[in-house]
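Asker: Structure incoming, see below.
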RNA sequence: UGGCCUAUAGUAUAAUGGUAGUACGACAGAUUUUGGUUCUGUUUGUCUAGGUUCGAAUCCUGGUAGGCCAACCA
């Protein structure tokens, strides 16, 4: 009798370890996390990882997750982005406990600033942006104190109130923390807390003309919400010291910040700035272009939320630099789609076949499974007749050794139909193949095959008289190189000019006329497709989500 | 030439002082009415030099490599 190793595989990531330790120590009864996007762009696959982390943690452990928009910079933020972000999170399958905005806390934040001023830990600086930069020092040299650093509490209080009143123009004054201009961490060299911006805010309108900086909003927002584990990416590591400093001086709820490495996907870019450029310069049709690594782009492309969650799960969370191979993302979507997509037949590049021994004018309805992988298999009907289309590259006049498709004198199975044999190649005046004359084996009909014939190849096909036309959009990677940002010159120089290939007219089986926007299809032997929203009553448009694995193509490339 | 972070197979991620494992990829084979799926097998790894220890991917020290920090961005 052998022993089954039933040890529970824990495999926790480092954040889960921290949380389990905190929970075990009784530090918290429940954990609270937050997802804190700035509403200045669309969410991308990197955000999906953060969303799955933050929301996933509070599904696994007791607690909840807030959605908090980090909207402290009115000039870049818009309601359009707020709406898209909410839609994307919901689509991914997560629900936030509270929908919050950093701007909800502007009043409290203002009071926090006054507290700091009263404690002589903040001062109003009249220095220009340039002067502040000049006195900041460098990583290797200490900075110099501002001449305004030692103003009295009363003067600071008065000036700060007048900043709020709108007495001063943009950029003329700031509120700064009084910490240490020689601090080895440059973030701690009297960081700016508030700046003057006479700008309209998407939520507070014109109520404010001073706005808190990230560092003076994020930690306190976490604290107000009693966020226990505030998770962010590694570039915020130096900010943690300031995050803790502010919380300590204000004596408020001690949220803790933990950092993880942002995820990078190869052959694309995930930086809002760069994605915005692609949109603005019309390299793509919009934020939801199916080639974009945005959530909305992936959605339109045909990715499912399940596949994206699975992907985020598989790549994990750690602290080291990474470049994730897009083949893993493709594996995840193929795996899901293989289970749920309905099989359909579509001929991309038609070659006409006349089945010479099939009665003229006869049409018979054949049944074919929607998905052989399904627990309970359902079926559809499709018409078969004397003239059909097959894929042009499923025929070769002179076939190589391991070619399983059609060739003169050879036999193949037509999927869910009959075995046919190629008898004659019909050519036009120019010597180009115009059609094939084949004969079918009547007793080889799928489901009731008594022919005893075994063929190696099975082809997809469409009845000529019943074919419906559709447009196909085939996508390839957006960039020609793995990491466009690290290449010489501008990242846009490395855009793949062939990332979109449109096939204006393909021949589809008639059942595709019933396609809905949420339907997922596998076009047999071709790939996974979904209906694009550009479709109209007269024109079906399908996006290719991902190809099928094609070991034959690989074989040919080798040969 | 300051401070901080990181280093395990091609990629990503485990192993928490005790047999270096998993997934993807790649390669080979079996099955297949999709050259898909499924199944089986193979391949490749602890950055480096010391130290502590019976024992080090893990702890310590030095080096090397990569990343982050000098927006009134987040």
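All of the numbers you see were taken from the coordinates with simple rules; none came from a lab. Remember, predicted model here, so these are calculated numbers, not experimental data. Positions of Cβ are generated from backbone atoms using ideal geometry, with glycine treated the same way; all protein chains shown enter the neighbour counts.
Asker: Along the Cα→Cβ direction, 7 angstrom out, place labels at residue A:450 and residue A:492. What is the inter-label distance in nm?
Answerer: For the pair residue A:450/residue A:492, the computed spacing is 6.9 nm.
Asker: Below 8 Å, C-alpha to C-alpha, sequence gap of six or more: please give me the relative contact order for the range A:407-559 in percent.
Answerer: After rounding, I find 17 percent.
Asker: Rounded to the nearest 10 degrees, what's the angle between the helix A:79-92 long axis and the longest principal axis of chain A, both from Cα atoms, 0 to 90?
Answerer: 60
Asker: In degrees, nearest 10, range 0 to 90: what is the angle between the Cα axis of helix A:14-24 and the longest Cα principal axis of chain A?
Answerer: That works out to roughly 60 degrees.
Asker: Moving on to the next point. Compute the helix-to-body angle for A:305-315: its Cα long axis versus the longest principal axis of chain A, expressed 0 to 90° and rounded to tens.
Answerer: On a 0 to 90 degree scale, this one is about 70.
Asker: Per the Debye formula with a single identical scatterer at each Cα and no solvent contribution, what log10 I(q)/I(0) holds for chain A at q = 0.07, 0.09, 0.11, 0.12 Å⁻¹?
Answerer: Values, matching the q order: -0.58, -0.81, -1.05, -1.18.
Asker: Ranking A:245, A:208, A:552, A:461 by Cβ neighbours within 10 Å, fewest first, what do you get?
Answerer: Ascending number of Cβ neighbours within 10 Å: A:552, A:245, A:208, A:461.
Asker: Distance in nm between label sites at residue A:548 and residue A:434, each 7 Å beyond Cα in the beta-carbon direction?
Answerer: 3.2
Asker: Where in the range A:231-265 does the label zone of residue A:328 land, with the point 7 angstrom along Cα→C-beta and an amide N cut-off under 14 Å?
Answerer: It comes to A:261-265, nothing else.
Asker: Once you have the Cα-Cα distance between residue A:129 and residue A:59, take 0.36 nm times their residue separation minus that, and quote the gain in nm to one decimal.
Answerer: 20.7 nm
Asker: If each of residue A:115 and residue A:401 carries a label point 7 Å out from its Cα toward its Cβ, how far apart are those two points in nm?
Answerer: Output for this residue pair reads 7.9 nm.
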